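**Student:** Quick one: the structure is below, questions incoming.
Just so you know, all these numbers are worked out from the coordinates, no wet-lab data involved. Only a predicted model underlies this, so the values are computations on that prediction, with no experimental measurement involved. With ideal geometry, Cβ positions are generated from the backbone for all residues, glycine too; neighbour counts draw on all protein chains shown.
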Amino acid sequence: MNTFVSRRRAAAAALAAALSLALSACGLSGAAGGDQVRIGVSGADPEWDVLAAEAKKEGIDVKIVPFDDYQLPNKALADGDIELNAFQHLAFLSQFNAQNRTDIVPVTSTSVAPMGLYSLKHKKADELPDGARVAIPNDPSNQGRALLLLERAKLIEVRDEAGIYGTPEDITANPRHLKITPVDAQQTPRSLQDTAASVINAGVAEQAGYKVSQAIYHDDPEGAAARPYVNVIAARAKDKDDEKLREVVRIYRSPKVQEAVKKSANGARYTLDIPEAELTEELGRLTAQGRG
């Protein structure tokens, strides 16, 4: 057996075992949650504690389960280890479903985090010099989004057929001869020390101490181009109409929880309330585009 393949399989097995242990430590298993609704999240945004407290007032036991790897909340949801998750945008969800043959669907929108072009050396996008190195996230959905951002900033041109999942190979014009360098999304802020500029998602920028207002260019959070990047609360398709899950979604949309969401966002994320039917339609469009 190929040694590289063996190592990858061993790593995958170790990851699965670690996930199982983590969920067991939280009192979770592959069995149904019973009276408890478990929500997988990434990060420690305080609105989830507010949601749990508000749900408790109505007799619903909500448990917040944090994850530090973007692939794990969807795996846990698909496996039935949690009932909901809230960490991803529609483009990411579409890609995950396609790659893993899962049927995870949005049940409500949460927010959208603008992606921005940041620089420690330049104050405007058009100040980037010829041959400048620009870092972008390397995961498919955010990499494509970063390239479209650079195109809207009039720094490059990307072929239309690339859609939202473009790669540097899809660049058709690069008049400034920018050296586009894909890196791990979490490393994009650190790349600012060694690059002329870096494209950083607002959530990652916020964690690194940067505000959207500091970006030398950023996308419009309410524009059509941002719709694929609307973050959602998601469920398994077969459970999306479950009465208890619907109650949790209703509580999430309540004024007290939404006030906590806006306070937590601190201008880095923009809260949105998009009808579920529109979210489902957008997910379908992205899925069809990915297949094409």
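**Student:** Gain in length, residue 225 to residue 58, computed as 0.36 nm per residue apart minus the alpha-carbon separation, to one decimal in nm?
**Tutor:** Values: separation 167, 0.36 × 167 = 60.12 nm, distance 3.81 nm.
Contour length minus Cα-Cα distance gives 56.3 nm.
**Student:** Within the chain, which is the longest segment that contains none of the GluC sites (Glu not before Pro) sitting in a DSSP loop with at most 12 other Cβ atoms within 10 Å?
**Tutor:** Working: sites that count: 58, 222.
Free of exposed loop sites, the longest segment is 59-221.
**Student:** What distance in nm separates the simple spin-label points at residue 276 and residue 214, each placed 7 Å from Cα in the Cβ direction?
**Tutor:** Each label point is offset 7 Å from its Cα along the Cβ direction, giving 3.9 nm.
**Student:** A further question follows. If you filter region 219-267 for trypsin sites (Lys or Arg not before Pro), then keep DSSP loop positions with at most 15 other Cβ within 10 Å, what is left?
**Tutor:** Values: sites: 236, 238, 240, 244, 246, 250, 253, 256, 262, 263; in loops: 240, 253.
Answer in residue order: 253.
**Student:** Which whole-Hz ³J(HN,Hα) couplings does region 239-246 yield from phi under the Karplus relation 6.51 cos²θ - 1.76 cosθ + 1.60, θ = phi - 60°, glycine and proline marked x?
**Tutor:** Whole-Hz 3J(HN,Hα) from phi for region 239-246: 10, 4, 9, 4, 4, 5, 5, 5.
**Student:** Treating only the Cα positions of region 173-284 as identical point scatterers, give the base-10 log of I(q)/I(0) from the Debye formula at each q in 0.17, 0.18, 0.24 Å⁻¹.
**Tutor:** Normalising to I(0) and taking log10 leaves -1.02, -1.09, -1.41.
**Student:** Which whole-Hz couplings ³J(HN,Hα) result when phi for each residue of region 135-145 is put into the Karplus expression 6.51 cos²θ - 1.76 cosθ + 1.60, θ = phi - 60°, listed in order with x for Gly and Pro?
**Tutor:** Taking θ as phi minus 60°, the curve returns 8, 9, x, 9, 6, x, 5, 6, 5, x, 5 Hz for region 135-145.
**Student:** Moving on to the next point. Computed FRET efficiency, Cβ-Cβ of residue 139 and residue 49, R0 30 Å: what is it to the nearest 0.05?
**Tutor:** Working: r = 28 Å, r/R0 = 0.95.
With a Förster radius of 30 Å, E is 0.60.
**Student:** How much mean residue ellipticity at 222 nm does the chain get from its helices, if each DSSP H run of length 4 or more adds -39500 (n - 2.57) and you divide by all residues, to the nearest 500 deg cm²/dmol? Kindly include the intermediate steps, with their values, before the conclusion.
**Tutor:** Numbers: 9 runs with 108 residues, N = 292.
Calculated from helices alone, the mean residue ellipticity at 222 nm is -11500 deg cm²/dmol.
**Student:** At a Förster distance of 30 Å, what's the computed FRET efficiency of residue 263 paired with residue 159, Cβ-Cβ distance as r, to 0.05? Working shown, then result.
**Tutor:** Details: r = 42 Å, r/R0 = 1.39.
With a Förster radius of 30 Å, E is 0.10.
**Student:** Which percent, to the nearest 5, of DSSP beta bridges fully inside the chain are antiparallel?
**Tutor:** Working: 20 of 37 bridges.
Percent antiparallel among DSSP bridges in the chain is about 55.
**Student:** Within a Cβ distance under 14 Å of residue 148, other residues only, what is the Lys/Arg minus Asp/Glu net charge?
**Tutor:** Details: positive: 145, 152, 154, 159, 227; negative: 151, 157, 160, 161, 170, 219, 220.
It works out to a net charge of -2.
**Student:** Turning to a different aspect of this structure: Given that compact globular proteins tend to follow 2.2 N^0.38 Å, what is the ratio of the alpha-carbon Rg of region 115-220 to that value?
**Tutor:** On the way: Rg = 12.2 Å, N = 106, 2.2 N^0.38 = 12.9 Å.
Region 115-220 yields a ratio of 0.94.
**Student:** Here's another thing I want to ask about it. Which residues in region 178-213 place their backbone N less than 12 Å from a point set 7 Å from the Cα of residue 122 along the Cα-to-Cβ direction?
**Tutor:** Counting backbone N atoms under 12 Å from the label point, the list is 178-180, 195-199.
**Student:** Tally Lys and Arg at +1 and Asp and Glu at -1 over the other residues with C-beta under 11 Å from the C-beta of residue 278: what net charge comes out?
**Tutor:** On the way: positive: 227, 285; negative: 273, 276, 281, 282.
Computed value for this residue: -2.
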